[in-house]
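Read the structure below first, then the notes.
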Amino acid sequence: MDREVRRRLAVLRHVEEVSGNVAMTCRYYGISRPTYYKWLHRYETEGVDGLRDRSKRPRTSPNATRAEVVDKIIHLRQHYHFGPSKIAMYLQRYHDVTISVSGVWRILHRLGMGRLPASQRYKRHDRRWKRYEKQRPGHQVQIDVKFVEPLTPAGPAKPGSKPQVKPSGRRKKFYQYTAIDDCTRLRIMKIYPQNNQKTAIQFLDYVLSQLPFAVETIQTDNGAEFQSAFHWHVLDKGINHVYIKPRTPRLNGKVERSHRIDAEEFYRLLDGVVIDDVNIFNARLKEWQDYYNYDRPHGGLDGQTPYERLRQKTQTESPG
């Protein structure tokens, strides 16, 4: 018996063995008579177990979060590792469900899902850097390359079993070129089988043909693919080209962060398996690009999509 059960049992026995008077025992122990009779009734009907503390949870909670909303919160947490604020954004945008960030936080902690996997947790930095954002679309576009190592299917799987994958005999190397506008976070992505200045130049021309605004500055790291031939091609287009300082990838932070989003929300959902064909690869990547630009709410844009931020900026800057 725990301490509280022993105390309540002592109160009941005090009436029978010591005082013989309920009122005197209640005054002695500092409890009310209704409380004494409640314990007595429970003891007579349930024995010692009736003296244990019971849940104070209400039988009905009309203002409780609906079960289907909780299921959506669990899905977003398990499959996308979203935090409370991003979950609240998604529920508002895609399901017309308004729930506070603190409400999502309480649900996650009640379900034991308050901590992300170690690979997804916030990493503390000794020195924080200041965030910035250009105020005009096209003022600066960051370009970077992400290496992707594909796997090919192992063949038809048995009915009801999970498809297996294995590395191909000689795996092809793929490179994801990514351009992101500093102001709107609008992104252009494409896969190439080589990583050199020729493909970098091809990607630049592709980016300029896809973006709905003029580009003033291209910012890259000091990789071999962005050297002299690429540099002069950018200048020939009437665009400024700047390099970030060596060993400071944070200066290209927006495109670096977008690659992390790709890993978390695009490649991870493919279970690391990409069809070993550049055209199919680009088709899948284009679907993800359209979703990112037009449908995915962005935490850095206060829940707007990049396209919504572009419309806001162009409407603000347009005369009248």
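Values quoted throughout were computed directly from the atomic coordinates according to the rules given, and no laboratory measurement underlies them. All of these numbers come straight from a predicted model, not from anything done at the bench. Glycine gets a Cβ as well: all are built from the backbone with ideal geometry, and neighbour counts include every protein chain shown.
Close amide H pairs (under 5 Å, H built 1.01 Å from N) link Phe174 with Val148, residues at least 5 positions away or on another chain. For the cross-link pairs Lys72/Lys313; Lys173/Lys198; Lys72/Lys172; Lys56/Lys86; Lys86/Lys286, the ones whose C-alpha atoms lie over 28 Å apart are Lys72/Lys313; Lys72/Lys172; Lys56/Lys86.
When peptides 36-49, 205-218 are ranked by their average number of other Cβ atoms within 10 Å per residue, the highest-first order is 205-218, 36-49. Return the whole-Å distance between the Cα centroid of segment 45-79 and the Cα centroid of segment 183-227. So the separation of the two Cα centres works out to 52 Å.
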